[in-house]
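Please read the structure below before turning to the comments.
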Amino acid sequence: MRRLAFLLLLGCCVVAAGKDKKKVILPADVLEARTLLVVIDPDAGVPIDAPNANIKARDSVERALMDWGRFSLATDVSTADLVILVRKGSGRVAEPTIGGVPTNDRPGIYQPTDAGGRVGVSRGTPPQAGDPTGAPGRNPTPQVEVSDGEDTFAVYRGKRDNALDTSPVWRYRDKDALRSPDLPAVDAFRKAVVEAEKQRAANP
């Protein structure tokens with residue numbers, strides 16, 4: 001049901017594609033946000049041939065956002081102004097995965113940066129800790145995921161239950177959008193924020 005709602009609302013969100021030159025205006029609350037939580041798409045299974053792909057993508061995005069210096073990482077959705085969803089694509093139409101694995105459950109966060117590091121301890125139970133959807137756990141099950149194979153980086157409003165059930169306020173999808181170390185999706189989001197701030201300054 002959450003996935004169906006996501007697809008129905010997809011057309012209402014601000015979308016940036018690799019070749020899209022259209023100017024993007026972000027909402028004021030996104031520009032004023034200072035805390036965020038990065039999560040793996042709860043609907044994503046664990047790739048059999050690359051079981052750590054989504055975890056590595058999440059960690060790389062967290063480090064890049066900390067290096068930016070604009071945001072601090074929240075440990076749960078109740079203190080996060082924004083929730084960033086990431087999902088690594090396989091580049092293939094069909095991919096064998098293991099579903100029902102709680103990929104967002106982790107006891108703490110440590111992200112070393114040039115400015116030092118950040119340590120956080122998750123508190124509470126879902127949807128506060130890790131998975132902001134509040135989805136119940138399932139048993140690990142082999143499955144085949146069918147998609148366009150592209151990487152996804154989507155921005156949602158935080159500080160609410162089932163945050164991912166709403167429409168994303170900004171989204172970037174492209175091949176290798178979460179490729180390390182350059183992370184094109186994070187770079188595109190940074191540029192969108194800078195452009196939106198310029199537009200807001202020019203039209204107070």
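Summed over segment 138-189, residues that are at positive phi and touching a Phe, Trp or Tyr at 6+ places or on another chain (Cβ under 8 Å) total 0. Scanning segment 160-187 for residues that are farther than 16 Å from ILE40 by Cβ, among the charged types (D, E, K, R) and either under 13 Å from the mean Cα position of the chain (by Cα) or surrounded by 15 or more Cβ atoms within 10 Å (Cβ to Cβ) (or both) returns ARG160, ASP165, ASP174, ASP176, ARG179.
Bear in mind these aren't lab numbers, they're just calculated from the coordinates by the rules spelled out. The shown structure was predicted, so the numbers you read here are calculated from the model rather than taken from an experiment. Here the Cβ is made from the backbone with ideal geometry for all residues, glycine too, and neighbour counts use every protein chain on show.
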